[in-house]
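A quick write-up on the structure given underneath.
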Amino acid sequence: MDIAERVARLKPSATLSINARALELSARGKDILSLSVGEPDFPTPEHICAAAKEAIDAGFTRYTPVPGLPELRAAAAGYFRHFYSVHAAAENIIISNGGKHSLYLLFQTLLNPGDHVLLPSPCWVSYPPMVELAGAKPVMIPTLPENCFKISLLDLQHSLTPKTRMLILNSPSNPTGSCYTRAELDAVAAWGLANSVIIVSDEIYDRLAYSPEGPQSLSPWWEKHPENFVIVNGVAKTFAMTGWRIGYTLADAGLIAAMSRLQGQSTSNASSVSQKAALAALTQGYSHLGIMCRAFRERRDLALDIISSWPDVLCPQPEGAFYIFPDMHRHYRGALADSTSLCAALLDEAGVAVVPGAAFGDDHCLRISYAVAPAVLEQALARIARFLRL
Ligand code: GLU
């Protein structure tokens, strides 16, 4: 059957497909340690699951308003008040089926064919295809491990053209774990404002920031300039709720209304039960966060310790999220001449699933998710080291 061009040229999500292959091999009885997909290994906190069960028992199983339950929209607005002293109204929030869907809707709603979208690279696998699906052009701004994979104002200035419409910032970053400092964020925000470039800040990992400065957000800039900034977040990483699929966007009310029209003509509301769970998440405290954050930080230290001892590997210290992104290219050789073939061999021959850097735009690196038990992390890294004779 002839598939529409825009989908025919779409590649599968590398993160999801490697995870699926790792699960499939495990199901067939192979001994696989997976450091592939990025999702907390913690269970969703009990009070959140209880709220979902109550919703089902109370028959809360019908359509909700398209942009989300009013109380959940208010609770998501409250998240920005609680953590960043930013005042937003429920009408500034739309609830969608996960952060990924929020971004997809946003790009479909804001971008026109021919618009340029600046993307610091390496970046998350789904940004470029989502931008292209909206007819716009991803413009990659390469970054280096020596600069902790961060862009400078000079880089931005060099990439600016009259067609530049948007910059996507993701701090803490997937795949590098790098975090922009408050001062760096402010400088980028001021640059965006001065050049009429809308900044989309994907803050899905904001709670998982390990530097002494802690989590930082562009939402204070949004509050002052609501038409120049858009913030995307969700409950997936903060509350270990990846499968529940609840993301939210903070934006100007006019943009939210436009996204809501598109959501109403495509997916309708996010799952009613998941919305009730997210409501419990966002209104019943954050006590689990300390434990989760500490655990991820310890695992970051463990992974960094081990990887730093590998010869000829460059790996800046990640400051957030749960990824580490070592430059391993000095160990590419023979048939294993790039990140894709090395990852395939690691999976098939060493029983370790990691994601090739090429999927994120940097073939020199491998993305390792350390959202697993420390013993698994240690064992998986030992397998990689043994395989490469490090
Ligand atoms: N964002 C996570 C990852 O990169 C989840 C999978 C995905 O949606 O890409 O592993």
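Backbone geometry of region 217-233 corresponds, through the Karplus equation with coefficients 6.51, -1.76 and 1.60 at θ = phi - 60°, to 3J(HN,Hα) couplings of 9, 8, 4, x, 6, 4, 4, 7, 9, x, 8, 10, 9, 9, 10, 10, 8 Hz, x marking Gly and Pro. Here each label is just a point 7 Å from Cα along the line to Cβ, and for GLN157 and CYS49 those points are 5.4 nm apart.
Accessible surface for region 261-309, divided over its residues, is 47 Å² per residue with a 1.4 Å probe. Helices in the chain, meaning DSSP H runs of at least 4 residues, each add -39500 (n - 2.57). Divided by all residues, the mean residue ellipticity at 222 nm is -12500 deg cm²/dmol.
Can you tell me the 0 to 90 degree angle between the C-alpha axis of helix 70-84 and the longest principal axis of the chain, rounded to 10? Tilt relative to the chain: about 60 degrees. When the charge dipole of the chain is built from unit charges on Cβ atoms (+1 for Lys and Arg, -1 for Asp and Glu) and taken about the Cα centre, the candidate among ILE324, ILE93, PRO120 whose Cα reaches farthest toward its positive end is ILE93. Averaged over its residues, region 126-195 has an accessible area of 40 Å² per residue, based on protein heavy atoms and a 1.4 Å probe.
Remark: the Cα gyration tensor places region 1-53 in the oblate category, a/c being 1.5 or greater and a/b not exceeding b/c. Could you tell me the relative contact order of the chain? Use alpha-carbon pairs under 8 Å, at least six residues apart, and round to a whole percent. Reported as a whole number, the value is 23 percent. Sorted on the mean count of surrounding Cβ atoms within 10 Å across their residues, most packed first, peptides 322-331, 348-357 read 322-331, 348-357.
Measure nothing but the geometry: give the 0 to 90° angle between the long axis through the Cα atoms of 253-264 and the longest principal axis through the Cα atoms of the chain, rounded to 10°. Once rounded, the angle reads 70 degrees. Computed on protein heavy atoms with a 1.4 Å probe, the accessible areas place ASP312, ASP202 in the order ASP312, ASP202, largest first.
Place the peptides 272-284, 134-146 in order of packing, highest mean first, counting for every residue the other Cβ atoms within 10 Å and averaging per peptide.
272-284, 134-146
Couplings for region 312-320, taken from phi via the Karplus curve 6.51 cos²θ - 1.76 cosθ + 1.60 with θ = phi - 60°, read 6, 10, 9, 8, x, 5, x, 9, x Hz in order; Gly and Pro are left as x. Averaged over its residues, region 329-390 has an accessible area of 40 Å² per residue, based on protein heavy atoms and a 1.4 Å probe.
On the chain, 54 percent of the accessible area sits on carbon and sulfur atoms, based on a 1.4 Å probe. When each of the peptides 40-48, 376-384 is scored by the mean number of other C-beta atoms lying within 10 Å of its residues, the order from highest to lowest reads 376-384, 40-48.
Hey, what angle do you get for helix 14-27 against the long axis of the chain, alpha-carbon based, 0 to 90 degrees rounded to 10? Orientation of helix 14-27: about 60 degrees from the principal axis.
The values are calculated or read from the model by the stated rules, or taken from the named source; none is laboratory data. Keep in mind that this is a model prediction, so the values were computed, not measured. A quick note on method: Cβ atoms are made from the backbone with ideal geometry, for glycine too, and the neighbour counts reach across all protein chains shown. Side chains are part of the model used for accessible areas, which takes the heavy atoms of the whole protein and leaves out ligands, DNA and RNA. Shrake-Rupley method; radii C 1.70, N 1.55, O 1.52, S 1.80 Å.
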